[in-house]
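The values are calculated or read from the model by the stated rules, or taken from the named source; none is laboratory data. Quick caveat: nothing in here was measured; it's all calculated off a predicted structure. Methodologically, a virtual Cβ is constructed for each residue, glycine included, from the backbone with ideal geometry; neighbour enumeration extends over all protein chains shown.
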Amino acid sequence: MFGRKKNNAEEPTDFWKQRSWVSSAVFLGAALVIGSVSFITGGAGGEADATPSEAVKGPLSTDGSKNGGRAKGERPQGCRTQGGEDVTRPTSAPKDLKWKNLDGVTVPTSASAGPTRYSGPVWWCYAHTPMGAVMAAHSILTHMSTADWRTVAEQQLVDGEGHDAFVSQRSRLGQSQMTGDDAGVPSGFFVGSFTKDKTQVHLLIKGAGGGLGAATVSMRWSGGDWKVKPRTDGSLFATSDSGVNSNGFIKWGAA
C-alpha cells in the first residue's frame, strides 16, 4: 500500500475516501478497511448504522469551555500520573510497557505514561510528557474504528472545525465496514517538537503484509489530558506512503 506513487488529481477530495487515508488508517489500527471499492474511489459510500451509538460525555468533555471549566493545570478528578511534567523526549519505550487488545488491535499502555484510567471506551489520564502523548495518540486513533467512536471523539478530539468534519464524515460509515483483520502493529515512534501544550507524534506501523507505514499526529494538552487535534479536512493524521523505513524511530519491541 505504501510506496505507490499517488495521482492527486484522481483522488477524491474527501480524505476518508482516499486510498492513502484508508491504507494508513489500517496500518494504524485506527480504521477503515472498506468493503466497497466504489466507496474508496469516490462512490456514494456505505450505509450508516440505523441506530448509531450516541456520544457520551465524561471526564474529558469540555462543553465548549476552556480547559473543561477547570483551573489552568488542573487535571480531571481522579487522574494521577507519574513523572510530573518532564519535557525530555523519550529514547526508549517505557520499561513498564504492556500491550492491550482492542478489537483485535494491539495498543501500548503504561502505568507511568498512561492511560491510568478507563471509563468505558475512553482510555485516559496520560502523563503530561512526550511519552504520554505517544500513548494517547495510539489509543485514541485505534478507538476510532470501534462502535463507541463517538464517545471517544467527544472527549478526546480537540473541538473545532476539524473535529466537526471528522464526526460528519465518520458518521457516514456503518460499523459493519470496520474491521481489524488487516490492522498492523505498532513498530516505532518518535516525538517531534514539544511544548507543554502541544506536540507532534510520529508513529511507525508494520502492516499485515510486512510493509511499513508512518503517520504524524498533532496532539494538544486540553482539558487536563492529551487529545488528538484533527486537521481541517477532518483527517486525524498526515501520512507518508513512500520510502518509509525505521531509521530514526524508537522501537517498541514485540507486541
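For the range 67-136, give me every one of the strands (runs of 3 or more DSSP E) that falls completely inside it and has 1 or more residues that are modelled with pLDDT under 85.
Numbers: elements: 97-102, 105-110, 117-119, 122-124.
Hits in the range 67-136: 105-110.
Condition first: part of a helix (DSSP H, G or I) and either out of contact with any helix residue (DSSP H, G or I) (no Cβ under 9 Å at 6 or more places or on another chain) or within 15 Å of Y126 (Cα to Cα) (or both). Now tell me which residues in the range 142-151 satisfy that.
So the first thing to find is which residues in the range 142-151 are part of a helix (DSSP H, G or I), and the list is 142-143, 149-151.
If the condition is that a residue be part of a helix (DSSP H, G or I) and either out of contact with any helix residue (DSSP H, G or I) (no Cβ under 9 Å at 6 or more places or on another chain) or within 15 Å of Y126 (Cα to Cα) (or both), then T142 is the only one that fits.
Which of the residues belonging to the range 195-229 are under 12 Å from the mean Cα position of the chain (by Cα) and touching a residue at least 40 places away in the same chain (Cβ under 8 Å)?
Answer for the range 195-229, where residues must be under 12 Å from the mean Cα position of the chain (by Cα) and touching a residue at least 40 places away in the same chain (Cβ under 8 Å): V201, H202, L203, A215, V217, M219, W226, K227, V228, K229.
Filter the range 163-178 down to residues that are surrounded by 17 or more Cβ atoms within 10 Å (Cβ to Cβ) and in a loop (DSSP other than H, G, I, E, B) and give me whichever is modelled with the lowest pLDDT.
Just the residues of the range 163-178 that are surrounded by 17 or more Cβ atoms within 10 Å (Cβ to Cβ), to begin with: 163, 165-167, 169-170, 173, 177-178.
Narrowing further to those that are in a loop (DSSP other than H, G, I, E, B): 173, 178.
Details: L173: 75, M178: 53.
Going through the qualifying residues, I end up with M178.
Can you tell me which of S246, S235, S242 is in a loop (DSSP other than H, G, I, E, B), surrounded by 15 or more Cβ atoms within 10 Å (Cβ to Cβ) and modelled with pLDDT under 90?
Working: S246 fails: surrounded by 15 or more Cβ atoms within 10 Å (Cβ to Cβ); S242 fails: surrounded by 15 or more Cβ atoms within 10 Å (Cβ to Cβ).
Going through S246, S235, S242 in turn, just one is in a loop (DSSP other than H, G, I, E, B), surrounded by 15 or more Cβ atoms within 10 Å (Cβ to Cβ) and modelled with pLDDT under 90: S235.
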